[in-house]
Every structure is written in structure tokens, then in C-alpha cells.
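Comments concern the structure below.
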Amino acid sequence: MEGPEQIDVPMRSLLYTPGHREALVARVLDGGLATTPDVVLLDLEDGVPAAEKENGRRVIAAALGRPRSGCLRFVRVGRSASDQGEGDLAAVVRPGLDGIVVPKVARADELALVDEMLLERERAAKIPDRSIRVIGSIESAAGLIAAAEIARAPRLVGLMFGSEDLAADLGLPLRREGPAAEMLYARSAVVVAAAAARILAFDGIWADFKDEAGLRADALLGRRIGFAGRQCIHPDQVAVVNEAFSPTAEEIERATRVVEASDDGVARGLGAVALDGQMLDAPIVARARRVLRMARSGRPRARQG
């Protein structure tokens, strides 16, 4: 079974935008924010009141026809097994849609059903089969346990860590020290499941959108854990997240030297190469090449300190 092509542009910041707020949707998609997110998540789930669902579908369907301004367009739909999920797909699968986010995934077979539903809608909309990508959101203990299987579902390009719903499922206190303390295992489990399936992993939200320092520290931790990007709930968070998930000038400089030293060693037929007293084995060179790919696809961060 063929799946969608992998996304070769940065997916550092994924900004939720309530689908029923027409002016805000237009502003986000038209590049009207101070910092453009890599991905706009037009929301038809938790961010939209029940009475506004139909209006949200209408607004998003119309918005997907607008000219592009440089960001990917994903829609968070209702759960696949619900009437709401089917209605959401019927409204938004059309030219201009890059992908969907399926919330609260607990089993891989839920995404198999989504694949079938999307294929039917793609053909009705006369867009290529399996061109719509899917991100599955892990938001429960059951979903976390099944994450490795979920990550191999059709169309999947990423796993999303649903921190707040998972915290509720685990019975964690409402006021916590921060995701780093209580959720480290869960965050790492999502990253490992995604990495094993060769897809991306996206970290949870930072609920206090005025706490820039807290967001920056936790986003940097998320990047060190292995996340490729992070969900944002406010436009002011986008710049911080983009910065945190981009390589620094120092990292780019170091990666360049590592790759150059390795390539030179290969050209000279050397079995082992060292740089600054460190042996450059294959995993180190692979990570350096990844940094340089990131640098080519996104903007590097400023040198720290």
C-alpha cells in the first residue's frame, strides 16, 4: 500500500487555530502573524464549541481555497469512529488540505478506518489517492501503550503527544511542576515509537502562553529528547518554538566540521577519523548530517551565550 510522500519542510511549530473564528483563520493563513508557524492546525475538535461545529466546517472549507502563504495546512478533526469525524472529513478533504490530525488515538485500527474514509473522500474531491497525510495524537494510557503499533499505521507522518488529556487520564494534579517532571517517560515513549517507524514526533502544549521562559526551557528539553516540533496554542509561542527546534550557529559549525572530517577520511581511505580528540563513528556523522539538513530547511538559531 502506497502512502503519502514524507514532508521535507520544517514542522517545528504547529499552531492551533479555532476553525469557527473566520477572521483569525484568514489572518493565520494569509501570513498576518508576526511569526509564521510551520503548520497551521485548523481545529474542529476541542477548540470549537458544539454549536459552532457546522460553521467551523464551512469556514475551514472556504479557507483551504485561499492562496498559500508558506505554511502547511492541517485540520484536527473529530474522532474517526464518530459521526462528527465523518462530517469533518466530508467538509475539509479538498484541494489545499495537506493533512489531518486524528485526536485521541488508542488503537492502530482506528487509523486504518481513517485511511479508508480519506481514500473515499480524496476520490470524490478528485485529488491523488493517499495524498492527505495523517498525524495521530496520543492522549491516553491506552494510546501510549499502543504507540509503536499506531506509528506504523497508513498515511502517518507523525505522532503527537497530547499532554493535557494524558495527564487527566493518569490522574495527575491540575497544577503540576511542569511536563518535564511527571511526563518524561511518556514523552520519550512517543519519540521512540515515532523514531522506530521513521516518522516525526511533536511535543505537547505549554498551557501558560505568557510564560515565555518556561516554554523555551521545556521546548529545548523536548528537542533534546528527540521531538521534531511542538504544538502551540497562541501565536506568541511560535517564534520561541521555531527557535528552540532550529540548530544553533554553533551546532551548524560543529556539524560542518564533523562531516568534512569524515568525508576527508573516507576519501583518504582511513578506517577511523578523529576530530578534536573524538572518534567520528557512523552515528555521530549521521547526527551531524541531520543537523545540516535541518539548517538547510529552516533558519538556524542565534549563537547561545
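Along its principal axes, what span do the Cα atoms of segment 25-105 show, with the longest given first and each in whole Å?
35, 24, 23
Output the peptides 61-74, 85-98 sorted from most to least packed, where packing is the average of other Cβ atoms within 10 Å over each peptide's residues.
The most tightly packed comes first, giving 85-98, 61-74.
State the extension gain, in nm to one decimal, for the chain segment bounded by R66 and R107, taking 0.36 nm per residue of separation less the distance between their alpha-carbons.
Once the chain is fully extended between R66 and R107, it gains 11.3 nm.
Explain nothing, just the number: dipole magnitude of the chain about its Cα centre with +1 on each Lys and Arg Cβ and -1 on each Asp and Glu Cβ, in debye rounded to the nearest 20.
Charge dipole, the chain, about its Cα centre: 720 debye, nearest 20.
Leaving ligands, DNA and RNA out of it, report the carbon-plus-sulfur percent of the accessible area of segment 1-149 at a 1.4 Å probe.
Carbon and sulfur together cover 50 percent of it.
Full-extension gain between E120 and E253, please, as 0.36 nm times their residue separation minus the C-alpha to C-alpha distance.
Length gained, E120 through E253: 43.1 nm.
Can you tell me the accessible area per residue over segment 202-250, all protein chains present, probe 1.4 angstrom, in square angstrom?
Computed with neighbouring chains in place, this is 38 Å² per residue.
Assuming R0 = 45 Å, what is the FRET efficiency of D46 and A286, from their Cβ-Cβ distance, to the nearest 0.05?
Efficiency for this residue pair is about 0.75.
Treat each spin label as a single point 7 Å out from the Cα along the C-beta direction, and report the A274 to R27 distance in nm.
In this crude label model, A274 to R27 measures out at 5.8 nm.
What distance in nm separates the two pseudo spin-label positions at D169 and R152, each 7 Å out from Cα along the beta-carbon direction?
Distance between label points: 2.0 nm.
Measuring with a 1.4 Å probe in the full set of protein chains, what accessible area per residue, in whole Å², belongs to segment 1-146?
43 Å²
Considering just Cα atoms, how many Å³ per residue does the convex hull of the chain enclose?
Once divided by residue count, the hull of the chain is 154 Å³.
The values are calculated or read from the model by the stated rules, or taken from the named source; none is laboratory data. Please read these numbers as outputs of a predicted model, since none were measured by experiment. So basically every Cβ, Gly included, is an ideal-geometry build from the backbone, and we count neighbours across all protein chains shown. These accessible areas exclude ligands, DNA and RNA; they are computed on the full protein's heavy atoms, side chains included. Shrake-Rupley method; radii C 1.70, N 1.55, O 1.52, S 1.80 Å.
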